[in-house]
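Reading through the structure tokens given below for one structure.
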Amino acid sequence: MTDRQTLDVYDARATEYADLTTDGVPDTQLRHFLDLLPDASDVLDLGCGPGRSAMMIAAEGHRVTATDASAQMVDLAKAHPGVTARMETFHDLTGTALYHGIWANFSLLHAERADLPRHFAAIRDALKPNGIFHIGMKTGAKTRRDTIGRRYTYVTREELLGWLDAAGMTPLQEWTGTSRGLDGEMAPWIVIQARKHD
């Protein structure tokens, strides 16, 4: 993610955002993701925010790398035990067969729609054989800024399934729901976990 206005919001409100996600207990989707991983896996938290998920993944005995384009979010993430955090954008993801799992929980929704197929391909390459990919996105059919200035790319289920298929990943489980975000608005979302097939 390279949208400066979105990053400025996260840098300015990093602690407030972290306070929304502090219970420290894996939710249903994270628990399912963890159960799909081999013991002592290498995991990337792509767009980690304050590192809550990375912390819980590390607590299960996995080696966690967390990346985010917000400097303030990276500072919060690296404070968690067992988490290696660094500042990177989605475009910086390179490498082959590095991770057993990649967790992109409501982070790629800040990417440009035109860039998403390329990001999915980079994620596929970075996964080890049979690796697990988790993605959460808000659903819709346009790109717009929310009331606090963050740019969102809203997607349809069909778009997500198409990008996963093109990247050589098979969906395993999906969830949908509606929840309130940092801007106070209720928004519909979809989460899909998929396995890389070779």
Looking at (1) part of a strand (DSSP E or B); (2) within 16 Å of the chain's Cα centre (by Cα); (3) within 22 Å of Asp42 (Cβ to Cβ), can you tell me which one Ile190 breaks?
(3)
Just for the range 117-126: of the residues that are more than 11 Å from Leu46 (Cβ to Cβ) and either out of contact with any helix residue (DSSP H, G or I) (no Cβ under 6 Å at 6 or more places or on another chain) or modelled with pLDDT under 95 (or both), which one is surrounded by the fewest Cβ atoms within 10 Å (Cβ to Cβ)?
Ala121
Consider Ala104 against the criteria (1) over 18 Å from Arg195 (Cα atoms); (2) buried (at least 20 other Cβ atoms within 10 Å of the Cβ): it satisfies all of them except one. Which criterion is unmet?
(1)
Residue in the range 162-183 that is within 14 Å of the chain's Cα centre (by Cα) and not polar (S, T, N, Q) present:
no
What are the pairs, 6+ residues apart or on separate chains, where a residue within the range 47-63 that is among the acidic types (Asp, Glu) has its Cβ under 9 Å from a residue that is assigned to a helix (DSSP H, G or I)?
Glu60/Leu34
Would you point out the residue of the range 75-96, among those that are among the small types (Gly, Ala, Ser) and surrounded by 14 or more Cβ atoms within 10 Å (Cβ to Cβ), that is nearest to Leu127 (Cα to Cα)?
Ala85
Test for Ala114: is it without any contact (Cβ under 8 Å) to a residue 60 or more places away in the chain and within 30 Å of Asp39 (Cβ to Cβ):
no
When the residues of the range 2-44 are filtered to those that are touching a Ser or Thr at 6+ places or on another chain (Cβ under 6 Å) and buried (at least 20 other Cβ atoms within 10 Å of the Cβ), which remaining residue is modelled with the lowest pLDDT?
Tyr10
Subset of the range 147-198 [touching a Pro at 6+ places or on another chain (Cβ under 6 Å) and acidic (Asp, Glu)]
Asp198
For the range 168-186, indicate whether the set of residues that are β-branched (Val, Ile, Thr) and farther than 25 Å from Val43 by Cβ is non-empty.
yes
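Scan the strands (runs of 3 or more DSSP E) fully inside the range 113-183 and keep the ones with 1 or more residues being acidic (Asp, Glu) and closer than 16 Å to Trp103 by Cβ.
The strands (runs of 3 or more DSSP E) meeting that bar are 169-180.
The values are calculated or read from the model by the stated rules, or taken from the named source; none is laboratory data. In this text the structure is predicted, and so the values were computed from the model without any measurement. A quick note on method: Cβ atoms are made from the backbone with ideal geometry, for glycine too, and the neighbour counts reach across all protein chains shown.
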